[in-house]
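As structure tokens, the structure follows; a few thoughts come after it.
The values are calculated or read from the model by the stated rules, or taken from the named source; none is laboratory data. Bear in mind that the values here come from a model prediction, so they are computed numbers and not experimental data. Counting neighbours? That spans all protein chains shown, and the Cβs are built from the backbone with ideal geometry, glycine included.
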Amino acid sequence: MGEEKDADDQEIRITSIYGSKEVLTSGNTEMDKKMGGGIPAGSLTLIEGANDTGKSVLTQQLLWGGLQQGFRFATYTTENTIKSLLRQMDSLSLDISDYFVFGNLKIYPVHLEGADWTDEISILDYILNDIRTKPAEVILIDSLTVFVSDAPDNDILRFFSGCVRVCDSGKTLLITAHTFAFGEEVLTRVRSICDAHLSLKKEEVGDRLIRTMEVAKIRGAQRTTGNIIAFEVEPAFGLRIIPVTKAKA
């Protein structure tokens, strides 16, 4: 009886952490707190920053956490192959290979070299149309930079407005991009269109490279946002949260 009760208690604890699909969590308690409990399902999220600020690592953490919750993912990657993404996440102790094998995770590498697109449909419209066909609950694009760097402003705004409609249908979209990929006016409008906006930066503190994430906006968050979290990326360990006061010391 005691063993059965322990098993039941464990199942309840697991359900309380991973069972709810009202929000997408990272699986990292401290990070989720800073995000007001997580990213509400059905949100359009922009994750922006300069080079090497941790955008991909953050999305991989959200990918891992969401798969743990039972979300089905479709991931578009311009920076990895299927093998390299699985290998990279395993090196950060975020093994997702089983989810890939059993179909809860679909990975779509996107390489533009040598691609020939017609003038009838823009690359952003093509991506948007493809997103609509995916049965996944969460769509991750890492990164959008190559698609928007030379795109007309109207195409960019039309793409993000279309993403809002996709989210209205129940899907959750996570999009990473370099800040420099947008003009200032367009970036301001894109930020306002998105339900959630996470801004990443990096700075050197002594001989350490510290990355910070500012939770600029999360509509519908369970708790107050506007927080800043500092973190390091360690091989074989992954994303490690650092108290901001300690990071600045």
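Keeping to the range 126-146, report how many residues are at pLDDT below 95 and more than 27 Å from residue 103 (Cα to Cα).
1
Listed here are the residues, each with its yes/no results for (1) surrounded by fewer than 19 Cβ atoms within 10 Å (Cβ to Cβ); (2) at pLDDT below 90.
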site	(1), (2)
184	yes, no
188	yes, no
194	no, no
197	no, no
209	yes, yes
215	no, no
220	yes, yes
225	no, yes
231	no, no
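Report the residue count in the range 149-192 for those that are farther than 22 Å from residue 229 by Cα, within 17 Å of the chain's Cα centre (by Cα) and in a helix (DSSP H, G or I).
So the answer is 6.
Checking the structure you have, find out if any residue of the range 108-120 is at pLDDT 95 or above and not in a strand (DSSP E or B).
No, every residue in the range 108-120 fails to be at pLDDT 95 or above and not in a strand (DSSP E or B).
If you go through the range 54-80, how many residues are modelled with pLDDT of 95 or more and assigned to a loop (DSSP other than H, G, I, E, B)?
3
If the requirement is being touching a Leu at 6+ places or on another chain (Cβ under 6 Å), surrounded by fewer than 18 Cβ atoms within 10 Å (Cβ to Cβ) and within 16 Å of residue 127 (Cα to Cα), which of these qualifies: 150, 155?
On the way: 150 fails: touching a Leu at 6+ places or on another chain (Cβ under 6 Å).
Of the residues listed, the single one that is touching a Leu at 6+ places or on another chain (Cβ under 6 Å), surrounded by fewer than 18 Cβ atoms within 10 Å (Cβ to Cβ) and within 16 Å of residue 127 (Cα to Cα) is 155.
If you go through the range 30-51 one residue at a time, how many are out of contact with any helix residue (DSSP H, G or I) (no Cβ under 8 Å at 6 or more places or on another chain) and of a type in the set (Ser, Thr, Tyr)?
Residues that pass the stated criteria total 1.
Does any residue in the range 120-134 that is touching a residue at least 12 places away in the same chain (Cβ under 8 Å) and within 17 Å of residue 149 (Cβ to Cβ) come within less than 6 Å, Cβ to Cβ, of a residue that is exposed (fewer than 13 other Cβ atoms within 10 Å of the Cβ) and not hydroxyl-bearing (Ser, Thr, Tyr) six or more places away or on a different chain, and which pairs are these?
Here the result reads 123/117, each pair linking the range 120-134 to a residue that is exposed (fewer than 13 other Cβ atoms within 10 Å of the Cβ) and not hydroxyl-bearing (Ser, Thr, Tyr).
Looking only at residues that are surrounded by fewer than 22 Cβ atoms within 10 Å (Cβ to Cβ) and in contact with a helix residue (DSSP H, G or I) (Cβ under 7 Å, 6 or more places away or on another chain) in the range 160-178, which one is nearest to residue 30 (Cα to Cα)?
This residue is 178.
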